[in-house]
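Novice: Here it is: the structure, laid out below.
The values are calculated or read from the model by the stated rules, or taken from the named source; none is laboratory data. Not measured: the values here are computed from a predicted model. Cβ atoms come from the backbone with ideal geometry, glycine included; neighbour counts cover every protein chain shown. Ligands, DNA and RNA are stripped out before the accessible areas are found, and what is left, the full protein with its side chains, is counted by its heavy atoms. Shrake-Rupley method; radii C 1.70, N 1.55, O 1.52, S 1.80 Å.
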Amino acid sequence: MERLNFQVIEKKWQEKFKSLKLYNNSPDSKKFYCLEMFPYPSGKIHMGHVRNYTIGDVIARYKFLNNYNVLHPMGWDAFGLPAENAAKSNKENPKDWTKKNIEVMKKQLQQLGLSIDWDLEIATCDKNYYKHQQELFIDFYNNGLVSRKETYVNWDPVEKTVLANEQVIDGRGWRSNAVVERKKLSQWFFNITKFSNNLLSDLEKLGGWPEKVKLMQKNWIGKSFGCEIKFELSSETSKINIFTTRPDTIFGATFIALSVDHPLSKKFINSNEFQEFKNECNKTGTTEESLANAEKIGFDTKLFAKHPFIKEKKIPIFFANFVLMDYGNGAIFGCPAHDQRDFDFAKKYNLEVIKVVSDKQEEELKEAYTGDGVIINSEFLNNLNVENAKEKIIEEIEKRGIGKRKTLFRLKDWGISRQRYWGCPIPIIYLEDGSIVPVDKSELPIELPEDINLNSPGNPLEYHPTWKNTIQRSTGKKATRETDTLDTFVDSSWYFLRFCSPNFKQKPFDEKKINYWMPVDQYIGGIEHAILHLLYSRFFTKALKDCNKEFKISEPFQNLFTQGMVCHETYKDQNGNWLYPEEIEKEGLNKAKKKSDKSSVVVGPPESMSKSKKNTIDPEIMVKQYGADAVRWFMLSDSPPEKDVQWSDIGVSSANKFLQKIWNLNYLVANRKVKKPNNQDEKDIIQGVNSFLNKIDLSINNFRFNVCIANFYEMYNFFRKYLDTNVSEKILKDNLTKIMKLMIPFTPHLAYECLELLDCKSINKWPEIDKKNLKEEIKMAVQINGKTRDILTIKKDLVENEINSIIQNSSKAKKFLENKKVVKTIFVKNKIINYII
RNA sequence: GCCCUCGUGGUGAAAUUGGUAGACACAAAGGACUUAAAAUCCUUGCCCUUUUGGGAGUGCCAGUUCGAGUCUGGCCGAGGGCACCA
C-alpha cells in the first residue's frame, strides 16, 4: 500500500494556508461571517480548542467553496488574572508572558491547518484595542449607560478582588474556590437592566440558537408580572411598599416580612437583639450547606400593618432572612396558605393560615397549595380563578391608589470594576472638588504602566508611585485616575465588531464594514458561555445601536452552535494522586499499571479534560504523531458535535489509517491503466457518488459531522470496488475528484494533495450535485401485519400494482400471503407495503 | 425545591422526522495471506434451530396507530441550569 508522509504535505500546505483568504468577491457571492470564540492565551492550546476550531474551519471552508465571501478571523482574549498570577510566580511581566503564549498558540493553531485570515488578528491587551474600548466606555457614559453605585460586592479574599454574581458559584469564587465575603464598595456598572425587556423579547428572533441557551438566558433575565401594594403601619406614618406576583392572595395575607437591610431597620439600630439577628442572617447566606438547609428565621418588630382591604385587620411585621433587599422592595406580604416559604415561616411563628384558593380538600393544609383554583374568603374576588382574580385585584388596587401594576426582572446591572492590574483601565478621573468625570477622548489610550510591583497585595495601579496622578486636559486641574480596571467580559463583548475593521484608527470600528459583515452568521463556542458572554455581547450590540445612529445591528450572533467537551478517563495511583495518561500503561478495559513501578492504577470514568485531574492530551503531540488531518478527522467522527466526545488514542490512530487508505486510493486511481468502459458500471458509480455528495452536503448543513464522516467511510467502501471493474479512467478520476473536494473542509492538507495528484484544475469549487442523477434503485420493505417479511431492491417510484406483481412472483413474503385474504393494504411509495390479513 | 435535556448492542453512535432498528466506526472472537509478526482482507455478533428459517428486542409500564426508537400519559435512572426572586 502506498503511504503518505503527512508531516511533509502538512508543512507544504500550511505554507499556503498562512496567507489563506476565504474571500469570494464575485457579484453573486453572499457574505458569511464565521466566528469561533477566541481563546485566552494561557500557554498552549488544548483539545477543547481543537474541537471548537475544527468545527469552525469546516463551516468556513465549506461556505467558501460554496461561493460565499467568508470572514474567518482569530484573536486573543488576552487580559485576565492568570497573567498576573503567572507573573507573580515567574517574576515575568504579564505583557511578556501573554505575548509569549500568543506566539506559541498561534503556531499551534497554524499546525491544525485552519483557514484563518491572520491579517485580522487582534489581542485585547493591545493598546490599539483597549483604546477603543475606553472610547466605547465614554460613549456609554455619555449616553447614561454607565452608573456608579455603592453596593455590597462579592469580595474574594484570596484574589483580593470583586467578583460578578456569575463568578460566584455556590458562595465561592469561581477560580479561587474561597468563601466569598460581602463588602461595600463604590463600583462602576453598565446599566444592562435598561435593556431587560429587549434582551428578553429579542430572544425570539434568534431562531438559530439552541433552545437550551435561550431558555437559560430567559431564566436569568427572570421577568415576573405582579404589582406593588402599599401597606400603612398602624402606629406610624411611614408605609411599607411590597411587590407580589400573587396579589390574588391578598386576603390570605397574615404577616409582612422585611429584609434586614430594609429602611425600617433604622428604627432598630440600637436594639442589641436586632443586631444579633442581623448577624445571624449574614452568617447564613453564602455557604453551600446553609443555603441547602436554609431555615427560615424571623425577628418580630412588634409593629403592625393595616390590611389594605380588611378594616380593623392588623398584620404583624417581621424581619426575615429569606427576604432579599436587592429584589423588589425588600419587603413581601406572607400568604402561608399558598406559598411554601411563607407556610414554613408561619408554622414556626404560629401565624394564621387562611386559605383563599380552594384546593377542593376539606382538611387542613399540610403544605402550601400553589395551584390554580377558585378564590374563596376574599370578598369581591370570590368565585374567580387565580388569573382573573389577579386582574381584578390589580385594577382595584390602582383604583384605590394604594399600589400599581409592575413588572420585575431578576437581571441586575453589570458590575464592571475590578481591583486588578491586567485589564483595561477605566477612563475616569477624580477631581479635587470631588467631581468624577471621564477623561477627554483625545487623551486615549490610558495606558497601563509597565513598571509595577505585583508582589504587594491589592491593586498595583493603586500603589504605583505616579500613574494615578494626572491633570484634566481641558482645565488643567489636578486629578487622580480611576485605578480599577474593566471586567474582562467587557473585552469580549465587542471583539467580533473589531474583527470587521481591526486596523481602523479613528474609531472602534468602521460602520460600513460592520453593516456589511455583521451579524456573525455562525458563532461557535462552549456552552459555559451560555449566559455571561453571550448576554453581555447582546447588551453591547443594543447599547451601541442606542449610541450610534449609523450602527444598524440589534443582535450580534445570528446562529449559535455550542459544542460539547472533550473527555478522557482519569487515573489515580494507590495514594490517590492523579496521573497523566503517559504515566500509565493500560492492561485491558479498566485496568492499568503505573509505568515507573508497575503498581496498579485506579481507572476513573471519562471526565472533561482538566489540568487538575491530569487527564489531558496535548494536541501538539497528537498532531506530530498522527497528523493534523487525522486529529481533526477523529475530533469530528466519534460523537455529534454538540455532545461530549471521549478522546481515544485508538480512535485517532484509526483515523490516520483511514486517511492513508484514501491516499492509497488516490494513488491507485491516478496510476490506473485505462479499462474498457462498461455502461452499467459507469452509471452505477456516477449515481452512487452523486448520492453521497447529496448526503454529505446535507449533513454538513445540519452540523452532523459524525454522520458525514460515516458517509465518507461508506463512500470509500463503495468506490474502491470499482477499481477492478470496467470503468474508464476518466469516470473514475472525475468522481474521485468530487469526493476529494468534499474532504477539503475536514482534511484540507490531504484533500489538496490528492487533488493535485489528480490534476484538478478548479480546486476551490464545491462539486455540483446532479439531482437527476441520484440512485435509481431503492430498498423497500414488505410487511405482513406490520412484520417485515422481505426487503425488495427495486426501481424508484414503482406504483402499488407493480409492487404487487413483483411480490406475487418472487418475494419471500409470497408464502405468507398464500391462501390468505388481504383485508387492507397500506402502500407508501418507495418505503413500505403492508398487507393486513 | 423549581426548570430543562437525555436514556438504542461490549463501546461511540446512525435511523430521510411515524415506515427495513443498530448505518459507519471502535473493541472482541474466528478465518485468509505470511516461516512468523506487523500490515491488509473476509466472516461472526441476543434467543431457538444443523441449515433453511423463526422469535424477542430501542430504560420500565400502559395508550394511540396497519405500523412507535420517534407521538401521548405515568414511573425509574442519568446529566445540566437556577437558588430563599416574593
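Novice: Can you give the net charge of the other residues whose Cβ lies under 9 Å from the Cβ of A:GLY80, counting K and R as +1 and D and E as -1?
Specialist: Counting the neighbours of A:GLY80, the net charge comes to -2.
Novice: Taking every pair of Cα atoms in the stretch A:380-515, average 1/r, invert it to obtain the Kirkwood radius, and report Rg/Rh to two decimals.
Specialist: Across the stretch A:380-515, the Cα-based Rg/Rh ratio is 1.25.
Novice: While we're here: Explain nothing, just the number: relative contact order of the stretch A:773-837, from Cα pairs under 8 Å at least 6 residues apart, as a whole percent.
Specialist: Across the stretch A:773-837, relative contact order equals 39 percent.
Novice: Let me know the whole percent of all Cα-Cα pairs from the stretch A:439-545 that are separated by more than 16 Å.
Specialist: I get 71 percent for the Cα pairs in the stretch A:439-545 exceeding 16 Å.
Novice: Test of understanding: extend the Cα→C-beta vector of A:LYS477 to 7 Å, then name every residue of the stretch A:423-461 with backbone N under 12 Å from that spot.
Specialist: Those under the cut-off are A:429-438.
Novice: Using C-alpha positions alone, give me the convex hull volume of the stretch A:176-255 per residue in cubic angstrom.
Specialist: 257 Å³
Novice: Moving on. Return the ratio Rg/(2.2 N^0.38 Å) for chain A, where Rg is computed over Cα atoms only.
Specialist: My calculation over the Cα atoms of chain A gives 1.20.
Novice: Give the peptides A:352-363, A:220-231 in descending order of average Cβ contacts within 10 Å, highest first.
Specialist: Listed from highest to lowest mean packing, they are A:220-231, A:352-363.
Novice: If you take every residue apart from A:ARG720 with its C-beta less than 14 Å away from the C-beta of A:ARG720, what net charge results, scoring Lys and Arg +1 and Asp and Glu -1?
Specialist: Neighbourhood net charge equals -2.
Novice: Taking Cα atoms of the stretch A:1-75, Rg/Rh with Kirkwood Rh, to two decimals?
Specialist: 1.05
Novice: Of all accessible surface on the stretch A:732-837 at a 1.4 Å probe, what whole percent is carbon and sulfur?
Specialist: The C+S portion of the solvent-accessible surface of the stretch A:732-837 is 48 percent.
Novice: Taking a probe of 1.4 Å, how large is the accessible area per residue of chain A, in Å²?
Specialist: With all protein chains present, chain A gives 48 Å² per residue.
Novice: With +1 on each Lys and Arg Cβ and -1 on each Asp and Glu Cβ, how big is the dipole of chain A about its Cα centre, in debye rounded to the nearest 20?
Specialist: Charge dipole, chain A, about its Cα centre: 2240 debye, nearest 20.
Novice: By how many nm would the segment from A:GLU352 to A:ASN785 lengthen if fully extended, with 0.36 nm per residue of separation less the alpha-carbon distance?
Specialist: The span from A:GLU352 to A:ASN785 would gain 149.4 nm if fully extended.
Novice: Now for a separate question. By per-residue mean of other Cβ atoms within 10 Å, what is the highest-first order of A:468-480, A:818-830, A:738-750?
Specialist: For the peptides A:468-480, A:818-830, A:738-750, the packing ranking is A:738-750, A:468-480, A:818-830.
Novice: Treating the angle as unsigned and between 0 and 90°, give the value, to the nearest 10°, between the Cα long axis of helix A:532-547 and the longest Cα principal axis of chain A.
Specialist: Tilt of helix A:532-547: around 80 degrees.
Novice: Follow-up question, since we're still on this one. On a 0 to 90 degree scale, rounded to 10, what angle separates helix A:729-743 from the longest Cα axis of chain A?
Specialist: In chain A, helix A:729-743 runs at an angle near 10 degrees to the longest axis.
Novice: Moving on to the next point. For the stretch A:507-580, what is the charge dipole size about the Cα centre, in debye to the nearest 20, if Lys and Arg each add +1 at the Cβ and Asp and Glu each add -1 at the Cβ?
Specialist: Dipole about the Cα centre, nearest 20: 400 debye.
Novice: While we're on this one: Tell me, what % of the accessible area of the stretch A:63-183 is carbon and sulfur with a 1.4 angstrom probe?
Specialist: 43 percent
Novice: Going 7 Å from the Cα of A:ASN85 in the Cα-to-Cβ direction, what parts of the stretch A:431-453 have a backbone nitrogen less than 13 Å from that spot?
Specialist: Flagged as within label range: none.
Novice: Right, here's the next one. Simple spin-label model, 7 Å along Cα-to-Cβ: A:ASP300 to A:LYS824 in nm?
Specialist: For A:ASP300 paired with A:LYS824, the spin-label model returns 7.2 nm.
Novice: To continue, here is another question. Between beta-carbons, use under 10 Å as the cut-off and find the net charge around A:ILE315, counting Lys and Arg +1, Asp and Glu -1.
Specialist: That sum, taken over residues with Cβ under 10 Å, equals +2.
Novice: Here is a further query. With unit charges on the beta carbon (Lys/Arg positive, Asp/Glu negative), name the residue among A:MET715, A:PRO445, A:MET74 whose Cα is farthest towards the positive pole of the charge dipole of chain A.
Specialist: The one lying farthest along the dipole's positive direction is A:MET715.
Novice: How high is the relative contact order of chain A? Use alpha-carbon pairs under 8 Å, at least six apart in sequence, and give a whole percent.
Specialist: 13 percent
Novice: Quick check on packing: order A:764-772, A:334-342 by the mean number of other C-beta atoms within 10 Å, highest mean leading.
Specialist: Ranked from most to least packed, the peptides come out as A:334-342, A:764-772.
Novice: Give the calculated FRET efficiency between A:GLU585 and A:VAL374 to the nearest 0.05, with a Förster radius of 60 Å applied to their Cβ-Cβ distance.
Specialist: It comes to 0.25.
Novice: Quantify how much of the Cα-Cα distance distribution of the stretch A:741-837 extends past 20 Å, in percent.
Specialist: The answer is 53 percent, as a whole percent.
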